[in-house]
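Asker: One structure, as structure tokens, below. Some questions next.
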Amino acid sequence: MTQYPDAMRRGVKVSLSADIPSAPVELIGPLFHIETAITLQDPLNADLKPFPPEKSLILEQAIKGVTIFPAWQMRMEDKIGTLGVGKYADLVILEKTLFDVAPRDIADVKVMGTMMGGNFTYRDGI
């Protein structure tokens with residue numbers, strides 16, 4: 001990940017993901033990837049030191065790494081990755097904005113709802 005922040009500033013589209021199906025299920029969520037990318041620490045183990053000597057992403061870069069950039073890499077940016085007229089409206093509703101959460105708490109943000117094609121597929125009190 002050392003060059004990822006600099007590469008992303010230069011316009012390289014970097015995706016954050018897990019090695020599926022070999023990764024444990026608790027390691028594959030986008031919030032886990034965002035927290036790891038900006039803290040360089042394992043969200044499941046606060047006692048571990050950051051991954052050295054890496055350079056972390058900023059929150060905006062990490063969010064793009066799980067939304068816009070994967071959509072572009074799949075050549076589906078006209079349908080997914082952002083919200084817009086004519087897109088699928090696949091989205092997640094979080095209990096709070098990630099910009100108001102401490103970096104080490106991002107993986108713990110509660111998912112309140114998910115939508116696919118503009119229809120709710122999961123709701124938790126909304």
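The values are calculated or read from the model by the stated rules, or taken from the named source; none is laboratory data. Note that this is a predicted model, so its numbers are computed, not measured. Because the Cβ atoms are built from the backbone with ideal geometry, glycine has one as well, and the counts that use them run over all protein chains shown.
Asker: On the basis of being surrounded by fewer than 19 Cβ atoms within 10 Å (Cβ to Cβ), at pLDDT 90 or above, under 14 Å from Leu98 (Cβ atoms) and in contact with a helix residue (DSSP H, G or I) (Cβ under 9 Å, 6 or more places away or on another chain), does Ile58 make the cut?
Answerer: Working: surrounded by fewer than 19 Cβ atoms within 10 Å (Cβ to Cβ): yes; at pLDDT 90 or above: yes; under 14 Å from Leu98 (Cβ atoms): yes; in contact with a helix residue (DSSP H, G or I) (Cβ under 9 Å, 6 or more places away or on another chain): yes.
It is true that Ile58 is surrounded by fewer than 19 Cβ atoms within 10 Å (Cβ to Cβ), at pLDDT 90 or above, under 14 Å from Leu98 (Cβ atoms) and in contact with a helix residue (DSSP H, G or I) (Cβ under 9 Å, 6 or more places away or on another chain).
Asker: Among the residues of the range 38-46, is there at least one that is within 12 Å of the chain's Cα centre (by Cα), in contact (Cβ under 8 Å) with a residue 60 or more places away in the chain and closer than 16 Å to Ile106 by Cβ?
Answerer: Applying the first criterion (within 12 Å of the chain's Cα centre (by Cα)) to the range 38-46 yields 38.
If we keep only those that are in contact (Cβ under 8 Å) with a residue 60 or more places away in the chain too, we end up with 38.
Next, from what is left, pick out any that are closer than 16 Å to Ile106 by Cβ: 38.
Yes, the range 38-46 contains a residue that is within 12 Å of the chain's Cα centre (by Cα), in contact (Cβ under 8 Å) with a residue 60 or more places away in the chain and closer than 16 Å to Ile106 by Cβ.
Asker: In this structure, is Ile63 surrounded by 14 or more Cβ atoms within 10 Å (Cβ to Cβ), under 20 Å from Met116 (Cα atoms) and modelled with pLDDT of 95 or more?
Answerer: Details: surrounded by 14 or more Cβ atoms within 10 Å (Cβ to Cβ): yes; under 20 Å from Met116 (Cα atoms): yes; modelled with pLDDT of 95 or more: yes.
Yes, satisfied.
Asker: Still on this structure, please answer the following. If we keep just the residues of the range 69-126 that are surrounded by 15 or more Cβ atoms within 10 Å (Cβ to Cβ), β-branched (Val, Ile, Thr) and part of a loop (DSSP other than H, G, I, E, B), which is nearest to the chain's Cα centre (by Cα)?
Answerer: Val109
Asker: In the range 88-124, which residues are farther than 24 Å from Asn45 by Cα and among the polar types (S, T, N, Q)? Working first, answer last.
Answerer: In the first step, residues of the range 88-124 are kept if they are farther than 24 Å from Asn45 by Cα; the result is 88-93, 112-124.
Answer for the range 88-124, where residues must be farther than 24 Å from Asn45 by Cα and among the polar types (S, T, N, Q): Thr114, Asn119, Thr121.
Asker: Does Glu26 satisfy the condition of being of a type in the set (Asp, Glu), under 18 Å from Val111 (Cα atoms) and in a helix (DSSP H, G or I)? Break it down stepwise before answering.
Answerer: On the way: of a type in the set (Asp, Glu): yes; under 18 Å from Val111 (Cα atoms): yes; in a helix (DSSP H, G or I): yes.
In short, yes.
Asker: I'm trying to understand the selection: among the residues of the range 21-48, which are in contact with a helix residue (DSSP H, G or I) (Cβ under 8 Å, 6 or more places away or on another chain), within 22 Å of Pro5 (Cβ to Cβ) and among the aliphatic types (A, V, I, L, M)?
Answerer: Leu31, Ile34, Ala37, Ile38
Asker: State which residue pairs qualify: first residue touching a residue at least 12 places away in the same chain (Cβ under 8 Å) and on the phi > 0 side of the Ramachandran plot and inside the range 68-89, second residue part of a loop (DSSP other than H, G, I, E, B) and small (Gly, Ala, Ser) in any location, beta carbons under 8 Å apart, and separation of 6 or more residues or different chains.
Answerer: Hits for this filter: Ala89/Gly117; Ala89/Gly118.
Asker: Of (1) more than 28 Å from Asp124 (Cα to Cα); (2) surrounded by 13 or more Cβ atoms within 10 Å (Cβ to Cβ); (3) acidic (Asp, Glu), Asp47 satisfies all except one. Which?
Answerer: (2)
Asker: Taking Asp6, is it out of contact with any helix residue (DSSP H, G or I) (no Cβ under 6 Å at 6 or more places or on another chain) and either surrounded by fewer than 16 Cβ atoms within 10 Å (Cβ to Cβ) or part of a helix (DSSP H, G or I) (or both)? If you could, list the steps in order and put the result at the bottom.
Answerer: Working: out of contact with any helix residue (DSSP H, G or I) (no Cβ under 6 Å at 6 or more places or on another chain): yes; either surrounded by fewer than 16 Cβ atoms within 10 Å (Cβ to Cβ) or part of a helix (DSSP H, G or I) (or both): yes.
So Asp6 fits the description; yes.
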